[in-house]
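The values are calculated or read from the model by the stated rules, or taken from the named source; none is laboratory data. These numbers come from a predicted model, not from an experiment. Positions of Cβ are backbone-derived with ideal geometry, glycine not excepted, and every protein chain shown enters the neighbour counts.
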Amino acid sequence: MKRYLIVRLIELIPIFFLISLIIFTILNAMPGDPLLYSRLENPRAVLKDPVKIAELRKYYHLDDPLIVRYFFWLANFLKGDLGFSSMYKQPVLGIIVKRLPNTLLLTVTAWLIGLVVAFPIGIYSAVKKYSFFDYFFTVLAFVGISLPTFWFALMAIIIFSVVLGWFPISGVQTYGITGSWNIFADRVRHLILPSLVLGLVQVAYWVRYIRTSLLEVLDQDYIRTAYSKGAQERRVILKHALRNAMIPIITIIALDIPYFFGGALIVETVFSWPGMGRLIYEAVLASDYNLAINCLMFITVITLFSNLLADILYTVVDPRVRLGAKAV
């Protein structure tokens, strides 16, 4: 098992470098440069202090060939030096550390909501296939898949914030709130709507995958044999059928972890939630490529480790994979 994990980690290394090169190349091919935001803030900056502008261009290596800039950035990245943000005039690492807890709170909550809602619906739809319940949630799933996330978020704001007034429209907290319990309750109220939007959008996909994967297993001979021996339906479904159906389900759920960080970009922008997704959006608009690249590399690392997590979970639920891992 240990050797299996080491092999998987080694395989991730060249993928990491290739993705980093692609991200760096694409962002640096866009119009503008990291000094664009500064020039927009103060159009006379170049006329006032051309020496300072020249120093900044040298600091960002803007006049060097692309490959030289990439290796310079990569060397600093591997040392933990993420450089400075031209938009915030602060170290990139400090900005990410400040925004990351908000994104983790939103994405983890949305991911758990998705799991709690999708699994019971998907399992029941498979067990009661072609029933009214199955048709009802199949239609809802297709509707959910078809709806754009930003539209769903806007409708949620209009209905639950503007019309009903149940939840705040945007932000993470209400300024002026005092007291530990009041602050906690206020944060929860701000969290509910964006996390529900982000989680329920993904539920539509997961329900279809869980239902389809479980239906394939329920049609197997050993499931009918278990029923014929008098085994309880709950035991057959949860112990035999669901466990054997988990391989494709794990693939989808584990590899969708990065989606929550990427999908949070839209949700965080609509709800003005100060997280990583909104930070990437602001960085790209301001041509702060150093900040944008490092934020995207964070999502890249999350994606790669989600793949590794899926490989580990395979060995847990499927003995065949576990035996293969020992043979590696």
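Listing for the model above:
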{"read-out": "Residues (aliphatic (A, V, I, L, M) and within 16 Å of GLY275 (Cα to Cα)) located in segment 88-124", "value": "VAL92, LEU93, ILE95, ILE96, VAL97, LEU100, LEU104, LEU105, LEU106, VAL108, ALA110"}
{"read-out": "Helices (runs of 4 or more DSSP H) contained in segment 220-284 and holding at least 3 residues over 22 Å from LEU154 (Cβ atoms)", "value": "221-228, 246-255"}
{"read-out": "Residue within segment 103-111 that is surrounded by fewer than 19 Cβ atoms within 10 Å (Cβ to Cβ) and β-branched (Val, Ile, Thr) present", "value": "yes"}
{"read-out": "Segment 170-191, subset without any contact (Cβ under 8 Å) to a residue 60 or more places away in the chain and of a type in the set (A, V, I, L, M, F, W, C), residue surrounded by the fewest Cβ atoms within 10 Å (Cβ to Cβ)", "value": "TRP181"}
{"read-out": "Those residues of segment 61-84 which are surrounded by 15 or more Cβ atoms within 10 Å (Cβ to Cβ), in a loop (DSSP other than H, G, I, E, B) and under 23 Å from the mean Cα position of the chain (by Cα), in sequence order", "value": "LEU82"}
{"read-out": "Residue within segment 196-211 that is over 28 Å from PHE142 (Cα atoms), modelled with pLDDT of 75 or more and not acidic (Asp, Glu) present", "value": "no"}
{"read-out": "Test: ILE223 is in contact (Cβ under 8 Å) with a residue 60 or more places away in the chain and surrounded by 14 or more Cβ atoms within 10 Å (Cβ to Cβ)", "value": "no"}
{"read-out": "Test set (1) surrounded by 15 or more Cβ atoms within 10 Å (Cβ to Cβ); (2) part of a loop (DSSP other than H, G, I, E, B) - VAL117 fails condition number", "value": "(2)"}
{"read-out": "Residue satisfying all of: in segment 285-294; assigned to a loop (DSSP other than H, G, I, E, B) and closer than 21 Å to LEU74 by Cβ; modelled with the highest pLDDT among these", "value": "ASP288"}
{"read-out": "Identity of the residue in segment 139-173, of a type in the set (S, T, N, Q) and more than 19 Å from ALA118 (Cα to Cα), that ends up modelled with the highest pLDDT", "value": "SER161"}
{"read-out": "Verdict on ALA156 being touching a Leu at 6+ places or on another chain (Cβ under 6 Å) and either within 28 Å of LEU100 (Cβ to Cβ) or among the basic types (Lys, Arg) (or both)", "value": "yes"}
{"read-out": "Of residues in segment 85-94 being within 22 Å of the chain's Cα centre (by Cα) and within 20 Å of SER20 (Cα to Cα), the one surrounded by the most Cβ atoms within 10 Å (Cβ to Cβ)", "value": "VAL92"}
